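**Student:** Can you read through this structure? Questions will come right after.
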Amino acid sequence: MLAGTTAAETEEMKPTEHLVIVGSGIAGIRAALTARATTPLCRITLVGDETSGFYNRIALAAWASQQRPLADLFWHPQNWLRTQNIDTRYGHRVTRIDANAHRLHLQDGSSLAWDRLILATGATPVVPPIPGVDLPGVAPLWTLDHAHTLRQRLTRTAHIGIIGGGILGTELALDLASAGHRVTLIEAEPHLLPQHLPPKAAARLAQHLQQQGIALHLGTSAASITRSTDTLTLHLQDDTAHPVDHIVLSTGVRPNVSLAQDAGLDVTFGIVVNHYMETSAPDILAAGNCTAQNGTGALLWNPAFMQGDTAGHNAFAHRVTLPPMVSPIHFKAVGFPLFIIGDSAQVLPGHRHIESDTPQTYRALTLTPEGRIHSAVFAGDTQRYPQVERAIATGYTVPSALAHETDIEALISALAAHTPAPTAWACRTCGYTSDGPVAPTVCPVCAVGRDQFWAA
């Protein structure tokens, strides 16, 4: 019995409601921890496909290429959630949701009853329909098992083929090259990071990759993959062939929605949710890469984290809305500073695009008709990114005196005057705060990289 309570009061405080969370990624973990903090007497069970439980997925490439230790992937011991009074069912796959009966059915034949359910089922890598894509030695890099396989291939100097020149594929290429491996990178679009970078910034990035010895093949795609003994050969649409030891597929991901769909929930690209992270079914919420919040998947760490936090608050009707956010992208590979925020790959009608393009750097700002910053790209020099990020977050409007300014340096100086250089940094993930003008390279508490620090 708690101190200061009567027997009757203690009886009323017994946990009577059961929250079940499906998915052990960052959205699911954050939902569980937030629900535990806000509703301390509820029962919480977290179910995850992978036996390893939660790990830092954004560090997989760096670990596979031996750039970071295994400890950076696991922030807590596997049984740590149990110390938070959260039951875990790792290595258990959910096969069906009975929304009417409030029951989950698992692959081993067991079932779980729930009062509230949060779906944090994440996403699955897209496997392109390339002949030979199912051969041994061809795989995505999305799970810890994938990273183990790649790491084993890299015990000796290897030649790695990467299909897909988006953020993950390009970061992996640089990680592998810095570890001494040969890399061939294929991107079907004419330039790298086609969903995030304008062509001029992408050209700076391509130049950097080539300087690191990475063979780039842009504007072409894989026609087929063949295997002979221990060697794979990538046959491209441009009629060239490239022998490699292993092929990594970095061709996008697709939200896992089959459970939700079969249960009758509204699904588009992902599971449809409102600003409370509620789905179309009573008592069922969703968060992270499986959702279609605002019509798109939350395929970045910070949105998944925030959605999980919101779902955890609202599992027992606390009614917290998902805060608006424009999540930045910080390129994680060493040697090429790159900061992207907002939809920078295209300029919308009525928006004004100002850029500076030099042999060493590329910087661009896009302003709305009202003078607010819509997007920004800093490549080669990211020193003033905190001011840009904070200006977007606060809705800063460029002064009327600069309304028609074409010199990006003048605009950046105005931002710097509005938002002075930071003197402290807070980790977005765990809340650790570091004093000083520069964020730590790695968070000493949860081991995420510098890109996850916010100017406090």
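**Student:** Filter segment 228-244 down to the residues that are outside any strand (DSSP E or B) and either in contact with a Leu (Cβ under 9 Å, 6 or more places away or on another chain) or under 17 Å from Ile160 (Cβ atoms) (or both) and list them by number.
**Tutor:** Asp230, Thr240
**Student:** Does segment 314-357 hold any residues that are among the basic types (Lys, Arg) and either surrounded by fewer than 15 Cβ atoms within 10 Å (Cβ to Cβ) or at pLDDT below 85 (or both), and which are they?
**Tutor:** The answer is Arg319, Lys332.
**Student:** Is it true that Asp435 is loosely packed, with under 13 Cβ neighbours inside 10 Å and touching a strand residue (DSSP E or B) at 6+ places or on another chain (Cβ under 8 Å)?
**Tutor:** yes
**Student:** What number of residues in segment 253-275 are more than 16 Å from Ala292 (Cα to Cα) and assigned to a loop (DSSP other than H, G, I, E, B)?
**Tutor:** 1
**Student:** Scan Ala317, Ala376 and give me the residue that is assigned to a strand (DSSP E or B) and either in contact with a helix residue (DSSP H, G or I) (Cβ under 6 Å, 6 or more places away or on another chain) or more than 21 Å from His196 (Cβ to Cβ) (or both).
**Tutor:** Ala376
**Student:** Scan Arg96, Arg89 and give me the residue that is in contact (Cβ under 8 Å) with a residue 60 or more places away in the chain and within 26 Å of Ser258 (Cβ to Cβ).
**Tutor:** It is Arg96.
**Student:** Okay, moving on. I need a count of the residues in segment 129-150 that are touching a helix residue (DSSP H, G or I) at 6+ places or on another chain (Cβ under 9 Å), in a loop (DSSP other than H, G, I, E, B) and not β-branched (Val, Ile, Thr).
**Tutor:** Qualifying residue count, segment 129-150: 3.
**Student:** Please enumerate the residues belonging to segment 282-294 that are buried (at least 18 other Cβ atoms within 10 Å of the Cβ) and either over 14 Å from Gly308 (Cβ atoms) or of a type outside the set (A, V, I, L, M) (or both).
**Tutor:** Once the filter is applied, which keeps residues that are buried (at least 18 other Cβ atoms within 10 Å of the Cβ) and either over 14 Å from Gly308 (Cβ atoms) or of a type outside the set (A, V, I, L, M) (or both), segment 282-294 yields Ile284, Gly288, Asn289, Cys290, Thr291, Ala292, Gln293.
**Student:** Counting just the residues of segment 358-381 that are within 22 Å of Gln211 (Cβ to Cβ) and at pLDDT below 90, which one comes out surrounded by the most Cβ atoms within 10 Å (Cβ to Cβ)?
**Tutor:** Gly380
**Student:** Also: Which of the residues belonging to segment 57-90 are loosely packed, with under 14 Cβ neighbours inside 10 Å and assigned to a helix (DSSP H, G or I)?
**Tutor:** Leu70, Ala71, Arg82, Thr83, listed by residue number.
**Student:** Of everything in segment 403-455, what is in contact with a Ser or Thr (Cβ under 6 Å, 6 or more places away or on another chain) and in a loop (DSSP other than H, G, I, E, B)? Give them in sequence order.
**Tutor:** Across segment 403-455, the qualifying residues are Pro440, Cys446, Val448.
**Student:** Something else now. Across segment 379-402, what is the number of residues that are assigned to a helix (DSSP H, G or I), under 29 Å from Phe336 (Cβ atoms) and either in contact with a helix residue (DSSP H, G or I) (Cβ under 7 Å, 6 or more places away or on another chain) or of a type in the set (D, E, K, R) (or both)?
**Tutor:** Total satisfying the criteria: 5.
The values are calculated or read from the model by the stated rules, or taken from the named source; none is laboratory data. Computed from a predicted structure; not experimentally measured. Reconstructed Cβ throughout: ideal geometry from the backbone, glycine too, with neighbour counts over all protein chains shown.
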